[in-house]
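What follows is one structure encoded as C-alpha coordinates, with my remarks underneath.
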Ligand code: A2P
(Lines give C-alpha, C1' and ligand atoms only; values in the text may rest on other atoms or scores of the structure.)
Protein backbone atom coordinates (compact mmCIF):
# COMPACT_ATOMS: atom_id res chain seq x y z
CA UNK A 1 0.00 0.00 0.00
CA UNK A 2 1.27 3.51 -0.76
CA UNK A 3 0.61 6.94 0.72
CA UNK A 4 -2.83 8.08 -0.24
CA UNK A 5 -3.45 11.64 -1.35
CA UNK A 6 -7.12 12.58 -1.26
CA UNK A 7 -7.47 14.89 -4.23
CA UNK A 8 -10.26 17.18 -2.99
CA UNK A 9 -8.66 17.79 0.42
CA UNK A 10 -6.54 20.93 1.08
CA UNK A 11 -2.83 20.61 0.23
CA UNK A 12 -0.46 19.95 3.13
CA UNK A 13 2.81 21.81 3.39
CA UNK A 14 6.11 20.17 2.55
CA UNK A 15 7.45 20.26 6.14
CA UNK A 16 4.45 18.32 7.36
CA UNK A 17 4.83 15.77 4.60
CA UNK A 18 8.50 15.30 5.47
CA UNK A 19 7.59 14.27 9.02
CA UNK A 20 4.33 12.39 8.46
CA UNK A 21 2.73 9.95 6.11
CA UNK A 22 -0.81 10.96 5.16
CA UNK A 23 -2.98 7.86 5.45
CA UNK A 24 -6.64 7.08 4.96
CA UNK A 25 -9.10 5.90 7.62
CA UNK A 26 -10.45 2.43 6.74
CA UNK A 27 -12.88 1.78 9.57
CA UNK A 28 -13.93 3.07 12.99
CA UNK A 29 -15.50 1.08 15.82
CA UNK A 30 -16.93 2.76 18.92
CA UNK A 31 -16.83 0.54 22.01
CA UNK A 32 -18.25 3.01 24.53
CA UNK A 33 -18.70 6.79 24.72
CA UNK A 34 -15.10 6.92 25.94
CA UNK A 35 -13.34 4.29 23.86
CA UNK A 36 -12.95 3.57 20.12
CA UNK A 37 -10.75 1.75 17.64
CA UNK A 38 -9.85 2.72 14.11
CA UNK A 39 -7.68 1.48 11.28
CA UNK A 40 -5.74 3.36 8.62
CA UNK A 41 -3.86 2.37 5.49
CA UNK A 42 -0.25 1.32 5.99
CA UNK A 43 2.46 2.95 3.88
CA UNK A 44 4.71 0.38 2.20
CA UNK A 45 7.80 2.05 3.68
CA UNK A 46 6.65 1.80 7.33
CA UNK A 47 8.40 -0.90 9.33
CA UNK A 48 7.63 -1.54 12.99
CA UNK A 49 7.97 -4.28 15.57
CA UNK A 50 4.84 -5.61 17.26
CA UNK A 51 4.28 -3.56 20.45
CA UNK A 52 5.81 -0.30 19.21
CA UNK A 53 4.08 3.09 19.17
CA UNK A 54 3.93 5.84 16.58
CA UNK A 55 2.72 9.45 16.43
CA UNK A 56 -0.83 9.94 15.16
CA UNK A 57 -2.46 13.27 14.34
CA UNK A 58 -4.91 15.13 12.17
CA UNK A 59 -4.00 17.61 9.44
CA UNK A 60 -4.09 21.18 10.84
CA UNK A 61 -7.56 22.73 10.67
CA UNK A 62 -8.19 26.10 8.94
CA UNK A 63 -6.10 28.77 10.64
CA UNK A 64 -3.82 26.26 12.41
CA UNK A 65 -0.19 25.88 11.44
CA UNK A 66 0.83 22.75 13.29
CA UNK A 67 -0.95 19.45 13.71
CA UNK A 68 -1.80 18.09 17.15
CA UNK A 69 -0.17 14.68 17.43
CA UNK A 70 -0.04 12.06 20.18
CA UNK A 71 1.73 8.75 20.70
CA UNK A 72 -0.37 5.68 19.95
CA UNK A 73 0.59 2.03 20.26
CA UNK A 74 -0.07 0.15 17.07
CA UNK A 75 -2.65 -2.52 17.90
CA UNK A 76 -2.08 -4.61 14.78
CA UNK A 77 0.94 -6.91 14.51
CA UNK A 78 4.11 -5.90 12.66
CA UNK A 79 3.24 -7.79 9.46
CA UNK A 80 -0.41 -6.60 9.13
CA UNK A 81 -1.60 -4.83 5.97
CA UNK A 82 -3.45 -2.10 7.92
CA UNK A 83 -2.59 -0.15 11.07
CA UNK A 84 -5.09 -0.44 13.93
CA UNK A 85 -5.29 1.79 17.03
CA UNK A 86 -7.27 1.89 20.28
CA UNK A 87 -8.07 5.33 21.67
CA UNK A 88 -9.89 7.03 24.48
CA UNK A 89 -12.20 9.97 23.75
CA UNK A 90 -11.54 13.05 25.85
CA UNK A 91 -14.25 15.63 25.20
CA UNK A 92 -11.85 18.58 25.54
CA UNK A 93 -8.70 16.64 24.59
CA UNK A 94 -6.61 18.50 21.97
CA UNK A 95 -6.54 15.50 19.63
CA UNK A 96 -9.18 12.98 20.70
CA UNK A 97 -11.99 15.56 20.81
CA UNK A 98 -11.58 15.66 17.00
CA UNK A 99 -10.16 12.21 16.32
CA UNK A 100 -13.23 10.50 17.79
CA UNK A 101 -15.27 11.88 14.88
CA UNK A 102 -13.13 10.45 12.05
CA UNK A 103 -14.91 8.51 9.31
CA UNK A 104 -13.70 6.06 6.66
CA UNK A 105 -11.97 8.03 3.90
CA UNK A 106 -10.68 10.80 6.22
CA UNK A 107 -6.98 11.66 6.31
CA UNK A 108 -4.79 10.92 9.35
CA UNK A 109 -1.15 11.85 9.90
CA UNK A 110 1.16 8.99 10.78
CA UNK A 111 4.66 9.62 12.18
CA UNK A 112 7.52 8.05 10.28
CA UNK A 113 9.44 6.63 13.26
CA UNK A 114 7.79 3.85 15.26
CA UNK A 115 9.57 3.13 18.55
CA UNK A 116 9.05 1.67 22.01
CA UNK A 117 10.09 -0.88 24.61
CA UNK A 118 7.07 -3.21 24.65
CA UNK A 119 8.79 -5.52 22.17
CA UNK A 120 9.75 -9.16 22.49
CA UNK A 121 13.41 -8.29 21.80
CA UNK A 122 13.56 -6.29 25.07
CA UNK A 123 12.78 -9.42 27.11
CA UNK A 124 15.06 -12.32 27.98
CA UNK A 125 13.81 -15.78 27.00
CA UNK A 126 11.29 -17.30 29.41
CA UNK A 127 8.42 -19.72 29.81
CA UNK A 128 5.41 -17.44 30.36
CA UNK A 129 4.71 -14.00 28.89
CA UNK A 130 2.35 -11.84 30.97
CA UNK A 131 0.88 -8.83 29.13
CA UNK A 132 -0.75 -6.53 31.71
CA UNK A 133 -2.71 -3.62 30.24
CA UNK A 134 -5.25 -1.30 31.85
CA UNK A 135 -7.74 0.68 29.75
CA UNK A 136 -6.21 1.58 26.37
CA UNK A 137 -3.00 0.03 27.67
CA UNK A 138 -4.29 -3.14 26.01
CA UNK A 139 -3.32 -1.72 22.59
CA UNK A 140 0.33 -2.87 22.31
CA UNK A 141 -0.68 -6.33 23.51
CA UNK A 142 -3.22 -6.67 20.71
CA UNK A 143 -0.17 -6.39 18.51
CA UNK A 144 2.14 -8.72 20.46
CA UNK A 145 -0.55 -11.37 21.06
CA UNK A 146 -1.34 -11.52 17.32
CA UNK A 147 2.32 -12.03 16.41
CA UNK A 148 3.45 -15.66 15.90
CA UNK A 149 6.81 -14.72 17.40
CA UNK A 150 5.21 -14.41 20.87
CA UNK A 151 4.10 -18.06 20.70
CA UNK A 152 7.43 -19.18 19.28
CA UNK A 153 9.32 -17.58 22.18
CA UNK A 154 6.97 -18.41 25.06
CA UNK A 155 5.06 -21.52 26.05
CA UNK A 156 2.19 -19.45 27.43
CA UNK A 157 0.99 -15.93 26.58
CA UNK A 158 -1.33 -14.35 29.16
CA UNK A 159 -3.28 -11.27 28.03
CA UNK A 160 -4.47 -9.56 31.22
CA UNK A 161 -6.79 -6.58 30.70
CA UNK A 162 -7.94 -4.47 33.65
CA UNK A 163 -10.79 -1.97 33.35
CA UNK A 164 -13.30 -0.17 35.54
CA UNK A 165 -16.48 -1.45 33.84
CA UNK A 166 -17.34 -4.52 31.75
CA UNK A 167 -18.23 -2.39 28.69
CA UNK A 168 -14.58 -1.26 28.57
CA UNK A 169 -13.37 -4.80 27.90
CA UNK A 170 -12.68 -3.98 24.27
CA UNK A 171 -11.58 -6.94 22.14
CA UNK A 172 -13.15 -9.45 24.53
CA UNK A 173 -14.61 -11.25 21.48
CA UNK A 174 -11.20 -11.38 19.86
CA UNK A 175 -9.57 -13.03 22.86
CA UNK A 176 -12.45 -15.41 23.59
CA UNK A 177 -13.20 -16.43 19.97
CA UNK A 178 -11.83 -14.50 16.97
CA UNK A 179 -8.14 -15.07 17.57
CA UNK A 180 -8.61 -18.85 17.46
CA UNK A 181 -9.71 -18.51 13.81
CA UNK A 182 -6.71 -16.36 12.88
CA UNK A 183 -4.84 -18.12 10.05
CA UNK A 184 -1.45 -17.12 11.45
CA UNK A 185 -1.77 -17.56 15.22
CA UNK A 186 -5.08 -19.43 15.66
CA UNK A 187 -3.60 -22.83 16.42
CA UNK A 188 -0.91 -21.41 18.71
CA UNK A 189 -3.47 -19.25 20.50
CA UNK A 190 -5.72 -22.27 21.16
CA UNK A 191 -2.84 -24.06 22.86
CA UNK A 192 -0.93 -21.17 24.45
CA UNK A 193 -3.10 -18.05 24.93
CA UNK A 194 -4.86 -17.26 28.19
CA UNK A 195 -7.17 -14.23 28.43
CA UNK A 196 -7.58 -12.78 31.92
CA UNK A 197 -9.97 -9.81 32.07
CA UNK A 198 -10.62 -8.09 35.39
CA UNK A 199 -13.10 -5.35 36.31
CA UNK A 200 -12.83 -3.07 39.33
CA UNK A 201 -16.13 -1.22 39.60
CA UNK A 202 -18.74 -3.85 38.68
CA UNK A 203 -19.35 -7.49 39.54
CA UNK A 204 -17.44 -9.77 37.14
CA UNK A 205 -15.81 -13.19 37.02
CA UNK A 206 -12.45 -11.63 37.92
CA UNK A 207 -12.60 -8.56 40.11
CA UNK A 208 -10.01 -6.15 41.46
CA UNK A 209 -6.81 -4.34 40.52
CA UNK A 210 -3.89 -6.35 39.20
CA UNK A 211 -1.73 -5.12 42.05
CA UNK A 212 -4.19 -6.59 44.58
CA UNK A 213 -4.74 -9.80 42.59
CA UNK A 214 -0.98 -10.37 42.50
CA UNK A 215 -0.32 -9.42 46.14
CA UNK A 216 -3.09 -11.75 47.36
CA UNK A 217 -1.98 -14.59 45.07
CA UNK A 218 -5.45 -14.70 43.48
CA UNK A 219 -4.12 -14.14 39.95
CA UNK A 220 -1.75 -17.11 40.21
CA UNK A 221 -4.48 -19.34 41.66
CA UNK A 222 -6.91 -18.30 38.90
CA UNK A 223 -4.28 -19.20 36.30
CA UNK A 224 -3.64 -22.56 37.95
CA UNK A 225 0.01 -21.80 38.63
CA UNK A 226 1.85 -23.68 41.34
CA UNK A 227 3.65 -20.64 42.81
CA UNK A 228 1.86 -17.53 44.07
CA UNK A 229 4.68 -15.26 42.92
CA UNK A 230 6.37 -14.34 39.65
CA UNK A 231 9.40 -16.48 38.96
CA UNK A 232 12.42 -14.45 37.71
CA UNK A 233 13.70 -17.46 35.74
CA UNK A 234 10.46 -18.30 33.92
CA UNK A 235 8.19 -15.25 33.88
CA UNK A 236 8.48 -12.26 31.56
CA UNK A 237 6.14 -9.27 31.80
CA UNK A 238 5.04 -6.27 29.76
CA UNK A 239 3.09 -3.42 31.39
CA UNK A 240 1.06 -0.65 29.79
CA UNK A 241 -1.40 1.70 31.47
CA UNK A 242 -1.59 4.86 33.55
CA UNK A 243 1.48 6.24 35.29
CA UNK A 244 0.34 5.15 38.80
CA UNK A 245 -0.46 1.66 37.43
CA UNK A 246 2.92 1.04 35.84
CA UNK A 247 4.73 2.52 38.85
CA UNK A 248 2.89 0.34 41.37
CA UNK A 249 3.14 -2.76 39.19
CA UNK A 250 6.86 -2.27 38.51
CA UNK A 251 7.57 -1.95 42.25
CA UNK A 252 5.59 -5.12 42.95
CA UNK A 253 7.26 -7.09 40.15
CA UNK A 254 10.70 -5.93 41.29
CA UNK A 255 9.89 -7.16 44.78
CA UNK A 256 9.51 -10.63 43.19
CA UNK A 257 13.07 -10.36 41.88
CA UNK A 258 12.42 -9.40 38.24
CA UNK A 259 14.57 -6.75 36.55
CA UNK A 260 13.47 -4.12 34.04
CA UNK A 261 14.76 -4.49 30.48
CA UNK A 262 15.18 -2.23 27.48
CA UNK A 263 15.99 -2.50 23.79
CA UNK A 264 19.69 -2.05 24.64
CA UNK A 265 19.64 -4.53 27.52
CA UNK A 266 16.86 -7.15 27.53
CA UNK A 267 15.43 -7.94 30.96
CA UNK A 268 12.58 -9.68 32.78
CA UNK A 269 9.95 -6.96 32.35
CA UNK A 270 9.32 -3.83 30.28
CA UNK A 271 6.86 -0.98 30.64
CA UNK A 272 5.34 1.95 28.83
CA UNK A 273 2.78 4.56 29.77
CA UNK A 274 -0.43 4.34 27.76
CA UNK A 275 -1.55 7.28 25.66
CA UNK A 276 -3.56 9.82 27.70
CA UNK A 277 -5.56 12.92 26.69
P1 LIG B 1 -9.80 1.33 39.95
O2 LIG B 1 -11.17 1.27 39.32
O3 LIG B 1 -9.73 0.69 41.28
O4 LIG B 1 -9.21 2.73 39.92
P5 LIG B 1 -7.89 4.02 34.70
O6 LIG B 1 -9.05 4.12 33.75
O7 LIG B 1 -7.95 4.95 35.86
O8 LIG B 1 -6.56 4.05 34.01
O9 LIG B 1 -8.02 2.56 35.33
C10 LIG B 1 -8.06 1.39 34.57
C11 LIG B 1 -8.00 0.22 35.51
O12 LIG B 1 -6.73 0.22 36.19
C13 LIG B 1 -9.05 0.27 36.61
O14 LIG B 1 -9.54 -1.03 36.81
C15 LIG B 1 -8.31 0.82 37.79
O16 LIG B 1 -8.83 0.39 39.04
C17 LIG B 1 -6.94 0.21 37.60
N18 LIG B 1 -5.87 0.99 38.25
C19 LIG B 1 -5.75 2.34 38.26
N20 LIG B 1 -4.65 2.72 38.95
C21 LIG B 1 -4.06 1.58 39.36
C22 LIG B 1 -2.90 1.30 40.15
N23 LIG B 1 -2.10 2.29 40.61
N24 LIG B 1 -2.60 0.02 40.38
C25 LIG B 1 -3.39 -0.99 39.93
N26 LIG B 1 -4.51 -0.79 39.20
C27 LIG B 1 -4.85 0.46 38.92
Can you name the number of the only condition in (1) more than 21 Å from residue 174 (Cβ to Cβ); (2) out of contact with any strand residue (DSSP E or B) (no Cβ under 9 Å at 6 or more places or on another chain); (3) at pLDDT 95 or above that residue 152 fails? (1)
Restricting attention to region 168-204, which residues are in contact (Cβ under 8 Å) with a residue 60 or more places away in the chain and farther than 24 Å from residue 79 by Cβ? 168
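I'd like the residue in region 155-167 that is closer than 13 Å to residue 141 by Cβ and in contact (Cβ under 8 Å) with a residue 40 or more places away in the chain and, out of all such residues, is nearest to the ligand (Cβ to nearest atom). Show your work before the answer.
Filtering region 155-167 for residues closer than 13 Å to residue 141 by Cβ gives 157-162.
Checking the rest, the ones that are also in contact (Cβ under 8 Å) with a residue 40 or more places away in the chain come to 158, 160, 162.
On the way: 158: 17, 160: 11, 162: 5 Å.
It comes out as 162.
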Picking from 138, 131, 118, 142, which residue would you name as being buried (at least 17 other Cβ atoms within 10 Å of the Cβ), in a loop (DSSP other than H, G, I, E, B) and under 14 Å from the mean Cα position of the chain (by Cα)? 118
Quickly run through region 138-151 and pick out the residues that are out of contact with any helix residue (DSSP H, G or I) (no Cβ under 8 Å at 6 or more places or on another chain) and more than 16 Å from the ligand (Cβ to nearest atom). 143
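Yes or no, residue by residue, for (1) in contact with a strand residue (DSSP E or B) (Cβ under 8 Å, 6 or more places away or on another chain); (2) over 28 Å from residue 185 (Cα atoms):
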residue: 43; (1), (2): yes, no
residue: 47; (1), (2): no, no
residue: 57; (1), (2): yes, yes
residue: 60; (1), (2): no, yes
residue: 68; (1), (2): yes, yes
residue: 72; (1), (2): yes, no
residue: 77; (1), (2): no, no
residue: 93; (1), (2): no, yes
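The values are calculated or read from the model by the stated rules, or taken from the named source; none is laboratory data. Keep in mind that what you see is a predicted model, and the values were worked out from it rather than measured. Positions of Cβ are generated from backbone atoms using ideal geometry, with glycine treated the same way; all protein chains shown enter the neighbour counts.
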